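Take a look at the structure set out below.
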Amino acid sequence: MRKKIVAGNWKMNMDLAEGIKLAGSIDKYFSEKPAEKVTVILCPPFIHLAGVHEVLKHGRVALGAQNCAAEASGAFTGEVSAWMVKSTGAEYVIIGHSERRSYYHEDDKLLNKKTLLAINSGLKVIFCCGEVLKEREDKKHFIIVKRQLEEGLFSLTSEQMDRIVIAYEPVWAIGTGLTASPEQAQEMHKYIRDLVKEKYGSDCSKKLPILYGGSCKPSNAKEIFSKPDVDGGLIGGAALKREDFVGIIEAV
Ligand code: 13P
């Protein structure tokens, strides 16, 4: 049985005081819930990681970063390495988010390098994939996701795959209010699981958590999360408000 995961990607929102306040209230809510059912992860901006860790460190809410550098250390002004992320108390890092792919031109090769560095630094990776609208309209969405996984992820060993969570985020659903239908999400999640099964075998594919992301809200989360290959969500806008994020956790 795979455990469900709800991860909040705060993107470039909230100052430190706001972030600490939100993290504190999520931690309080979650500490009153029974253990085991769901893993909750908060992914604030780099600069808030250590402060938010102070709030979360005695509880069960995990911490993650939204990115890390493609180099281990050295003269890379402005960059933040995977090891630095790990040293803040974070357990996870998001890699390959579509905003990184499109605005910062991060390609599959670079994302593969980041993924390996993150894993070798002791982090778990939430690896994002997903097609843009035109690719779906042209019926190329499966080919695109396959390429992203083969080139970004499939150089990993089976042991390294144990540290991976995949997030399928159709780009046309991110921040647009348009969600993939539960059937569209299930179809792609099953496709991803089958690809992993082909490459790594059925044990690995059965264990692998695959999250859905893109305009998830309390009102649509339950239906999407009820699909057999959807193991939870990577949440953007709705992770910024306590009631919405808690509503999504409740939907699991
Ligand atoms: P929204 O939930 O705001 O659509 O964002 C999803 C996302 O990009 C999470 O990483």
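Numbers at a glance
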{"read-out": "Karplus 3J(HN,Hα) series, Hz, for the range 206-223 with 6.51 cos²θ - 1.76 cosθ + 1.60 (x for Gly, Pro)", "value": "5, 7, 5, x, 10, 9, 9, x, x, 6, 6, 9, x, 6, 10, 5, 4, 5"}
{"read-out": "Per residue solvent-accessible surface (Å²) - the chain, probe of 1.4 Å", "value": "47"}
{"read-out": "Stokes-Einstein D in µm²/s, Kirkwood radius over Cα pairs - the range 50-116 at 25 °C with 0.890 mPa s viscosity", "value": "191"}
{"read-out": "20 Å tail of the calculated P(r), the range 57-189, as % of Cα pairs", "value": "47"}
{"read-out": "Mean projected area in nm² (Cα convex hull; one quarter of hull surface) for the range 93-171", "value": "4.7"}
{"read-out": "Full-stretch length increase - N120, R163 - with 0.36 nm per residue and alpha-carbon distance subtracted", "value": "14.5 nm"}
{"read-out": "Length gained when the stretch K146-L178 is fully extended (0.36 nm per residue, less Cα-Cα span)", "value": "9.2 nm"}
{"read-out": "Paramagnetic label zone (point 7 Å from Cα along Cα-to-C-beta, M1; backbone N under 18 Å) in the range 188-222", "value": "206-210"}
{"read-out": "Percent breakdown of C-alpha pair distances by 5 Å bin, ordered from the shortest bin, for the range 1-121", "value": "2, 11, 20, 22, 19, 14, 8, 3, 1, 0"}
{"read-out": "Calculated over the chain: convex hull of Cα atoms, volume per residue (Å³)", "value": "117"}
{"read-out": "P(r), alpha carbons of the range 125-252 - 5 Å bins starting at zero, rounded %", "value": "2, 11, 22, 24, 19, 13, 8, 2, 0"}
{"read-out": "Accessible carbon and sulfur surface of the range 125-214 relative to its total accessible area, %, 1.4 Å", "value": "52"}
{"read-out": "Hull volume in cubic angstrom per residue (convex hull over the Cα atoms of the range 206-251)", "value": "65"}
{"read-out": "The range 103-148: proportion of alpha-carbon pairs further apart than 17 angstrom, %", "value": "44"}
{"read-out": "Whole-Å semi-axes of the ellipsoid equivalent to the range 140-215 (Cα gyration tensor, √5λ, descending)", "value": "23, 12, 11"}
{"read-out": "Cross-link partners of K146 among lysines (Cα-Cα below 22 Å; sequence separation of 8 or more within a chain)", "value": "K109, K113, K114, K124, K134, K190, K197, K199, K206, K207, K227"}
{"read-out": "Ratio Rg/Rh [Cα only; Rh per Kirkwood] for the range 152-191", "value": "1.09"}
{"read-out": "Mean ellipticity per residue at 222 nm, deg cm²/dmol - from DSSP H runs of n ≥ 4 across the chain, formula -39500 (n - 2.57)", "value": "-13000 deg cm²/dmol"}
{"read-out": "Spatially proximal aspartates and glutamates relative to K33 (Cα-Cα < 14 Å; intrachain offsets below 8 disregarded)", "value": "E250"}
{"read-out": "Carbon plus sulfur fraction of accessible area for the range 1-81, probe 1.4 Å, in percent", "value": "58"}
{"read-out": "Listed residues L116, L178, L153, most fluctuating in the chain (Gaussian network, C-alpha, under 10 Å)", "value": "L178"}
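The values are calculated or read from the model by the stated rules, or taken from the named source; none is laboratory data. Bear in mind the structure is a predicted one, so any value in this text is a computation, not a measurement. Here Cβ is always computed from backbone atoms with ideal geometry, including for glycine, and neighbour counts include all displayed protein chains. Please note that ligands, DNA and RNA were not included when accessible areas were found on the heavy atoms of the full protein model with its side chains. Shrake-Rupley method; radii C 1.70, N 1.55, O 1.52, S 1.80 Å.
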